[in-house]
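Here is the structure we will look at.
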Amino acid sequence: MSDDKKYITSEELKKHDKQDDLWISIQGKCYNVTDWVKEHPGGDIPIRSLAGQEATDAFIAFHPGTAWKYLDKFFTGYHLKDYEVTEVSKDYRKLCSEFSKAGMFEKKGHGVIYSFCFVTLLMSLSFCGVLLSKYFLIHMLSAALLGLAWMQISYLGHDSGHYVMMTNRGFNKLAQILTGNCLTGISIAWWKWTHNAHHVACNSLDHDPDLQHLPVFAVSTKFFKSLNSSFYGRELTFDSVAKFFVSYQHFTYYPIMCVARVNLFVQTFLLLFSTRKVPDRALNILGILVFWTWFPLLVSTLPNWTERFLFVLLSFCVTSLQHIQFTLNHFAADVYVGQPEGNDWFEKQTSGTIDIACVSWMDWFYGGLQFQLEHHLFPRLPRCHLRKVSPIVQDLCKKHKLPYRSLSFYEANVWTLRTLKTAAMQARGLLWEAVNTHG
């Protein structure tokens, strides 16, 4: 051990996990990011989730090689005395390096232009069907096409949120606002806020917002203890209302998914008009105003309120296939309570994700996210490479005896409903116990 180096232990590093004293370790070097967390492009939540920990694997997953040069100004002068790299992490970092050298993070293929053309076609057909036809069935077909377009648009928004899919960052931000706010009515700022937290704390019941759906859903009986959400900063109260809804969640799952989009609209407004710091707030609000101008105007051209209602409902129902897919990837996977740990990054991703098996010609329908584990391990990897790297990831999981779950769409639905039913039956027991107790 060199005398000119200063060292601290992992236990000492853990003490620096507060809002006004926030350190992380990357490759054994300790960095003070207390002030930087407020400016971090990925938001403050991912860094706060890994505060006081070794976070090398997470840093590698989310940042290009050019990000390393910015670390020096945050270096505290301390090294981690007990810094060790597990065999799993060694193999993971080796894969990341190999993919980077092969240029896979930069080679995006032609998927973006194909997707934009497909979305343009779907939107054009939907608009023409509404504006140029008087037939009810054509109007309903137009609604279905609009729902399908929203699905594809969301995949583009997802891509642009994880890596620069356009020629530069300026055009990429424009694509984010266009695909998210203007065309779907869902703020890209809200998506980044929740999605980055989800990636870092995959399937942590108290840190991952994608599992926090009380009073409607509870994927684990651990929610019955009214956990505190570190993401929302409040208690996830499991009260009598939650007991009732959760008791029947395996029946209400699909109907709620059909109108889940309404919740995304609400969440968008709650964030954009909150006191929380929101990047590009004005641009996000402007994009939302664009959506809430063209969409109501389009619906208003339909001949009566019955058709208008059915048009909106059917478009939401088609898009619900995407909402269902996202829940299939995680609801039936392993969960845990507590802060994510940076030194088991690979393991947490394998335990918290489920892939959806499909033939290659259906990749467009799932937006590449059927390879959920591959995407979680390599979030910057363009979707055109996910199928190629899947066998490599499977081999690595097999080597280290880690789970790799790939289910058909039908099997994933069965698993998810079984998970919901298991929690529902226990919640129902608590509900009837409360009824009997209080008469």
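The values are calculated or read from the model by the stated rules, or taken from the named source; none is laboratory data. What you see is a predicted model, and the numbers here were worked out from it, not measured in a lab. Don't worry about glycine lacking a Cβ; one is built from the backbone with ideal geometry, like all the others, and counts go over all protein chains shown. We work out accessible area using only protein heavy atoms, side chains counted, and drop any ligands, DNA or RNA first. Shrake-Rupley method; radii C 1.70, N 1.55, O 1.52, S 1.80 Å.
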Unmet requirement for L396, which otherwise passes all of (1) in a helix (DSSP H, G or I); (2) modelled with pLDDT under 95: (2)
Of the residues D91, D57, which is assigned to a helix (DSSP H, G or I), more than 30 Å from D21 (Cα to Cα) and either modelled with pLDDT of 95 or more or open to solvent by less than 50 Å² (accessible area, probe 1.4 Å) (or both)? D91
Any idea which residue in segment 276-319 is nearest to V266 (Cα to Cα), counting only those that are among the polar types (S, T, N, Q) and open to solvent by less than 40 Å² (accessible area, probe 1.4 Å)? N284
Of the residues in segment 112-140, those that are in contact with a Gly (Cβ under 9 Å, 6 or more places away or on another chain) and under 16 Å from G157 (Cβ atoms) come to S115
One residue is enough: does segment 370-388 have a residue meeting the conditions at positive phi, open to solvent by less than 40 Å² (accessible area, probe 1.4 Å) and more than 15 Å from the chain's Cα centre (by Cα)? no
If I go through segment 74-84 residue by residue, how many of them are within 17 Å of I60 (Cβ to Cβ) and surrounded by fewer than 16 Cβ atoms within 10 Å (Cβ to Cβ)? 1
Please identify the pairs in which a residue from segment 287-312 that is more than 20 Å from F136 (Cβ to Cβ) has its Cβ atom under 6 Å from the Cβ atom of a residue that is surrounded by 11 or more Cβ atoms within 10 Å (Cβ to Cβ) and not acidic (D, E), counting only partners at least 6 apart or on another chain. G287/I177; G287/N181; G287/C182; I288/N181; V290/C182; F291/C182; F291/G185
Counted residues in segment 396-431 being among the hydrophobic types (A, V, I, L, M, F, W, C), surrounded by fewer than 15 Cβ atoms within 10 Å (Cβ to Cβ) and within 20 Å of I356 (Cβ to Cβ) come to 1
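Regarding segment 64-86, can at least one residue be identified that is under 24 Å from E374 (Cα atoms), outside any helix (DSSP H, G or I) and among the hydroxyl-bearing types (S, T, Y)? Give the steps one after another, and end with the answer.
First, the residues of segment 64-86 that are under 24 Å from E374 (Cα atoms): 64-68, 85-86.
Right, trim to outside any helix (DSSP H, G or I) and you get 64, 85-86.
This time we only want the ones that are among the hydroxyl-bearing types (S, T, Y), so: 86.
Checked segment 64-86: at least one residue is under 24 Å from E374 (Cα atoms), outside any helix (DSSP H, G or I) and among the hydroxyl-bearing types (S, T, Y).
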Looking only at segment 215-244, which residues are in contact with a Ser or Thr (Cβ under 9 Å, 6 or more places away or on another chain) and closer than 20 Å to L328 by Cβ? V216, F217, V219, S220
Which of the residues spanning segment 166-178 are touching a residue at least 60 places away in the same chain (Cβ under 8 Å) and either of a type in the set (S, T, Y) or surrounded by fewer than 22 Cβ atoms within 10 Å (Cβ to Cβ) (or both)? K173, L178
Does F346 satisfy the criteria of being open to solvent by less than 10 Å² (accessible area, probe 1.4 Å), more than 25 Å from R261 (Cα to Cα) and touching a Phe, Trp or Tyr at 6+ places or on another chain (Cβ under 6 Å)? yes
For the condition closer than 17 Å to L314 by Cβ and without any contact (Cβ under 8 Å) to a residue 24 or more places away in the chain, what is the one hit in L137, L132, L146, L121? L137
If you take the residues in segment 100-113 that are out of contact with any Leu (no Cβ under 7 Å at 6 or more places or on another chain) and in contact (Cβ under 8 Å) with a residue 60 or more places away in the chain, which one is farthest from Y7 (Cα to Cα)? G111
Only listed residue being more than 23 Å from the chain's Cα centre (by Cα), modelled with pLDDT of 95 or more and open to solvent by 40 Å² or more (accessible area, probe 1.4 Å), chosen from L145, L122, L132: L132
If you go through segment 367-384 one residue at a time, do you hit one that is under 30 Å from G52 (Cα atoms), in contact with a helix residue (DSSP H, G or I) (Cβ under 8 Å, 6 or more places away or on another chain), in contact (Cβ under 8 Å) with a residue 40 or more places away in the chain and acidic (D, E)? no
Output for Cβ contacts, cut-off 7 Å, separation at least six or different chains, first residue without any contact (Cβ under 8 Å) to a residue 40 or more places away in the chain in segment 346-363, second part of a helix (DSSP H, G or I), reads S360/R387; D363/R387
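If the requirement is being out of contact with any Leu (no Cβ under 6 Å at 6 or more places or on another chain), in contact (Cβ under 8 Å) with a residue 24 or more places away in the chain, of a type in the set (D, E) and open to solvent by less than 20 Å² (accessible area, probe 1.4 Å), which of these qualifies: D159, D210? Don't jump to the end; show me each part of the working.
Numbers: D210 fails: open to solvent by less than 20 Å² (accessible area, probe 1.4 Å).
The match here is D159.
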Residues in segment 345-377 that are farther than 20 Å from I392 by Cβ and in a helix (DSSP H, G or I): how many? 4
Looking only at segment 207-243, filter to residues that are among the acidic types (D, E) and in contact with a helix residue (DSSP H, G or I) (Cβ under 9 Å, 6 or more places away or on another chain); which one of those is farthest from Q349 (Cα to Cα)? D210
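One line per residue, one yes/no per condition, for (1) open to solvent by less than 30 Å² (accessible area, probe 1.4 Å); (2) closer than 25 Å to H207 by Cα; (3) under 27 Å from the mean Cα position of the chain (by Cα); (4) in contact (Cβ under 8 Å) with a residue 60 or more places away in the chain:
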position: L22; (1), (2), (3), (4): yes, yes, yes, no
position: I26; (1), (2), (3), (4): yes, yes, yes, no
position: D44; (1), (2), (3), (4): no, yes, yes, no
position: K69; (1), (2), (3), (4): no, no, no, no
position: D72; (1), (2), (3), (4): no, no, no, no
